[in-house]
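What follows is one structure encoded as structure tokens, with my remarks underneath.
The values are calculated or read from the model by the stated rules, or taken from the named source; none is laboratory data. As the structure is a prediction and not an experimental result, all values here were calculated from the model. Here the Cβ is made from the backbone with ideal geometry for all residues, glycine too, and neighbour counts use every protein chain on show.
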Amino acid sequence: MRKELTTIFMVLVILALATTSFAYGWGQGPHGGRGPGYGPCQSGDIRGLAGIDLTAEQEGKIRSLREAHLREIKPLQDQLFSKRGELKLLWLQQQPSEEKITAVRKEIRRLRDRLQDRQTSYRLSVLKVLTPEQRTKVQTYGAMKGFGPGKGFTRGGGCGGYDVGPRGGR
């Protein structure tokens, strides 16, 4: 009887741990994203620019720029994800090869550089859509550091960082 109760208890503990670990979501980071460039506001939502009174035409242009940007960087993000997995496997080998690890690290840096170049181009494109007054407002209120939720432009958990600016809130 005691052995059965111990077994049942252990199964319940394992189920409880498994349930809580899956409650957060498979493969998601702390902000609900799936890796660089993804997040709760990356699907065309431009709430982070709401404080600068965008026209409907500007919103449409920015939304289409974002969609095109996300389509463009998706293959690079996939390659980066793959290279990170490859690097992890190289480190887990019995005798890790310094040459192979170095080569993969260089490839990862190259992919990151390409992603950052595309990000810079995208941000500059968004800035071109704004009027001079809107650009000044974005820069004055710290939106260059990343857009946040609510009124104004604050760092935080909202649509942080992938709209405009050199650092993008990250």
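Part of a helix (DSSP H, G or I) and surrounded by fewer than 13 Cβ atoms within 10 Å (Cβ to Cβ), is that true of Leu89?
Numbers: part of a helix (DSSP H, G or I): yes; surrounded by fewer than 13 Cβ atoms within 10 Å (Cβ to Cβ): yes.
Criteria met by Leu89.
When the criteria are applied in full, Val126 fails the requirement of being closer than 16 Å to His69 by Cβ, of a type in the set (A, V, I, L, M) and at pLDDT below 50.
Residues checked against (1) modelled with pLDDT under 95; (2) of a type outside the set (Gly, Ala, Ser); (3) surrounded by 17 or more Cβ atoms within 10 Å (Cβ to Cβ); (4) in contact with a Ser or Thr (Cβ under 9 Å, 6 or more places away or on another chain):
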| position | (1), (2), (3), (4) |
| --- | --- |
| Leu54 | yes, yes, yes, no |
| Glu59 | yes, yes, no, no |
| Arg63 | yes, yes, no, no |
| Glu67 | no, yes, no, yes |
| Leu70 | no, yes, yes, yes |
| Lys74 | no, yes, no, no |
| Asp78 | no, yes, no, no |
| Ser82 | no, no, no, no |
